[in-house]
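Right, one structure below, let's go through it.
The values are calculated or read from the model by the stated rules, or taken from the named source; none is laboratory data. Bear in mind that the values here come from a model prediction, so they are computed numbers and not experimental data. With ideal geometry, Cβ positions are generated from the backbone for all residues, glycine too; neighbour counts draw on all protein chains shown.
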Amino acid sequence: MRLKTISMPVILLLASFSVSAEFPVTTTDASATSVSQTSPAVSLLHDYQQAFHQRQYELSYIVVRQGHIEPVRLIHGVVNGVEVAHRVYLNGPANEAVYREGTVAFFEPGQSPYSLASSRLPGMFGNLAAVKLEDLQSNFDLVIAGKSRVAGRPAQVMRIVPKSSDLYGLYLWIDYASHLPLRLDVVDQTGELIEQHMAVTLAEYEKPSEWMTELASLELPSTVMGKESVDKQEHQINWRLGWSPKGMKVAQKEQHSLAAISESVDYIKLSDGLFDISVYANAVGKTNPLREQLVRQGATSLHTVVRKGIEITVVGEIPPETASKMADSVTIGPYFEKPIEPAQ
């Protein structure tokens, strides 16, 4: 199937971007090896996580995917011990997310506001700030890669190299003074740039802004809940995911509704703590055209296949080849009373 780099369907409301890869101005010896838990790379990432969650700051950055540039602003604060963050895309229709105390509220064009239970602000900066370092080291090698400058600020550069060829790697630029993020590049196995997040300005504050104080007490939209268990008689889709990348674990399995279709769908979320993958399965109805597609927007790939009248969609921050392999591993058959973990 030919890979298309076009607009995603309504399952994803994302912009598309890309630029040629650029690597640190100064690098260490190329033979740098993976590090232990007490290594400088692990310590640096720990400092990044602490700063991301505890400091008061405003970060303006651009996201670059496939030739398109999207400006974003992230404001973060801690108000009376409560962590609050607000992320907004600055171009086009309002697209915002608010994080507070394990909940993320989404305000997106064309949809009613809703909230999800989450321990992290969505996006790669938030993923890196929330991932458990021991889990990260199980699946990735962490390497100090040198020094550089971003947005006029000195930065330490780190490589996060996947141990599996089924996942992307990262370059991360961390501000020397504050340990806050300045740049993040998602790269494939050949080192080609797939997606980039780059700071334009970074401002720090001694106390939370008035906006953060207001968000700390703002009533958020109701939390969306899925059906965690489904009665066998009500369950109309009999399927099983046969394979997932090494290190990926099932984090959520339920039924919920999507804006794209009127009925509920089966849903499995897999994660290694850094990258997330969602797998959807729904019976193809009279109003749903049969379609198979492989689409990529920056680091996000989407592959849809139809098997025995069941539409299977795999979407996540993974290479297109990985999405295809997962979709092709799905089997349709008798309903499994006890879910079986996908092979790796």
| query | Which condition breaks for ASN91 when tested against (1) outside any strand (DSSP E or B); (2) crowded, with 20+ Cβ neighbours inside 10 Å? | reply | (2)
| message | I'm trying to understand the selection: among the residues of region 90-113, which are within 20 Å of ALA129 (Cα to Cα) and at pLDDT 95 or above? | response | GLU96, ALA97, VAL98, TYR99, ARG100, THR103, VAL104, ALA105, PHE106
| request: Go through region 134-168 and give me each residue that's among the charged types (D, E, K, R) and under 27 Å from SER60 (Cβ atoms). | output: LYS147, ARG149, ARG153, ARG159
| query | What about ALA145, is it of a type in the set (A, V, I, L, M), crowded, with 16+ Cβ neighbours inside 10 Å and touching a Lys or Arg at 6+ places or on another chain (Cβ under 8 Å)? | reply | yes
| request: Return the residue satisfying two criteria in turn: it lies in region 116-144 and is at pLDDT below 95 and in a strand (DSSP E or B), and of such residues it is nearest to HIS53 (Cα to Cα). | output: ALA117
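So is TYR99 crowded, with 20+ Cβ neighbours inside 10 Å and hydroxyl-bearing (Ser, Thr, Tyr) or not?
Answer is yes for this residue.
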| said: Please verify whether LEU172 is touching a helix residue (DSSP H, G or I) at 6+ places or on another chain (Cβ under 8 Å) and part of a strand (DSSP E or B), treating the condition exactly as stated. | reply: yes
| said: Based on this model, can you work out whether SER39 counts as without any contact (Cβ under 8 Å) to a residue 12 or more places away in the chain and over 19 Å from the mean Cα position of the chain (by Cα)? | reply: no
| remark: A careful count of residues in region 199-223 that are part of a loop (DSSP other than H, G, I, E, B), farther than 30 Å from TYR171 by Cα and not small (Gly, Ala, Ser) gives 5
| Filter result (more than 19 Å from ALA281 (Cα to Cα) and assigned to a loop (DSSP other than H, G, I, E, B)) within region 317-332 | PRO319
| field | Some residue of region 23-41 being modelled with pLDDT of 95 or more and crowded, with 19+ Cβ neighbours inside 10 Å | value | yes
